[in-house]
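The values are calculated or read from the model by the stated rules, or taken from the named source; none is laboratory data. These numbers were taken from a predicted model, which means no experiment stands behind them. So basically every Cβ, Gly included, is an ideal-geometry build from the backbone, and we count neighbours across all protein chains shown. Keep in mind that these areas ignore ligands, DNA and RNA; they rest on the heavy atoms of the full protein, side chains included. Shrake-Rupley method; radii C 1.70, N 1.55, O 1.52, S 1.80 Å.
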Amino acid sequence: MQLVMTAMSVSEKIRTKGIEIGERTSHLPLSFRLGENQWVVIFRFGVIVTVGLSDKERNDILSELESFIDEPNPSVESESLFINTGTGEDRFEGDHVSLAELTRQHVLTMADILAKSVVLGRYEAAMSEVFQQIEPLAMRLKSGMGKTRTYRELVSTIGSALLIQHTMVGGVEVNEKPEILWEHPELERLYLKLEDEFEIIERSKALERKLKLVTDTTEKQLGLQHNAHSLRVEWYIVILILVEIMLTLYEMFFKHV
């Protein structure tokens, strides 16, 4: 039997308290068994993973969870993995996994990788947009040109980059193994194989390098703007002093003539 596991990045956060859509099988992440070989795994960082559901069933689940989703994404990023069950041995070939039996432990292990992959995809797309803004800024810095963006825009760019970094480290924990592996170390081979297949570590490191480049470039521009502002203030002070001197000279030599 072939099943499809689909991960959907629907928002930045899902409130898991109060969700009941089937037989609960774990709390962190929150997972439910809906029927034979049908599962739903919900991650608080905004990803829903389904196994063995049709498109209609998947849409019904999304509608049922709509009230628990904060600030839904304008477009849903998704990624799929194909699972063959009832095979004689476990095998891994690209985005196809063959298993003798699909267990709760298998579902949680594979869902963790797929959820991380879809979140990385979302942030990779977001960083591409940021890079389109940063590239002309870097070129202007190289050419020695002056102010390019407002202080508020620059601070907003840094804030966006830091938010992505915070979510990756604190929420998604991209580089951390799931707790299920501590309980079932025999699944580590499956986890590492999928981690390598979806290039989780490589993509995470590449995203971190881009985040650092964005923050460094933006901070340099902020520093230049701050220096330019300080220089203007110094010139204002010099001009005020010169005006004061001129007024004093006028008082001394011309007003009393």
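Identify, please: which residue in segment 46-90 is of a type outside the set (Ser, Thr, Tyr) and touching a Lys or Arg at 6+ places or on another chain (Cβ under 7 Å) and is, among those, farthest from VAL4 (Cα to Cα)? That would be ASP70.
Within the option set ARG203, ARG189, being modelled with pLDDT of 80 or more, within 25 Å of ILE83 (Cα to Cα) and open to solvent by 100 Å² or more (accessible area, probe 1.4 Å) holds for one residue only, ARG189.
Filtered by the rule that a residue be open to solvent by 90 Å² or more (accessible area, probe 1.4 Å) and at negative phi, segment 60-71 gives GLU64, GLU66. Tallying residues that are without any contact (Cβ under 8 Å) to a residue 60 or more places away in the chain, under 27 Å from GLY94 (Cα atoms) and either part of a strand (DSSP E or B) or not polar (S, T, N, Q) (or both) within segment 52-82 yields 7.
Conditions (1) open to solvent by less than 70 Å² (accessible area, probe 1.4 Å); (2) within 28 Å of GLU173 (Cβ to Cβ); (3) at pLDDT below 90, marked per residue:
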position: SER75; (1), (2), (3): no, yes, yes
position: SER78; (1), (2), (3): no, yes, no
position: ILE83; (1), (2), (3): yes, yes, no
position: GLY88; (1), (2), (3): no, no, yes
position: THR103; (1), (2), (3): yes, yes, no
position: ILE113; (1), (2), (3): yes, yes, no
position: LYS116; (1), (2), (3): yes, yes, no
position: VAL130; (1), (2), (3): yes, yes, yes
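The single residue among ILE21, ILE14 that is at pLDDT below 95 and farther than 17 Å from ALA115 by Cβ turns out to be ILE21. Taken over segment 8-31, the criterion of being under 18 Å from LYS56 (Cβ atoms) and touching a Ser or Thr at 6+ places or on another chain (Cβ under 8 Å) is satisfied by MET8 alone. Restricting the search to strands (runs of 3 or more DSSP E) fully inside segment 1-49 and requiring at least 3 residues that are without any contact (Cβ under 8 Å) to a residue 24 or more places away in the chain and not β-branched (Val, Ile, Thr) gives 23-27, 30-35.
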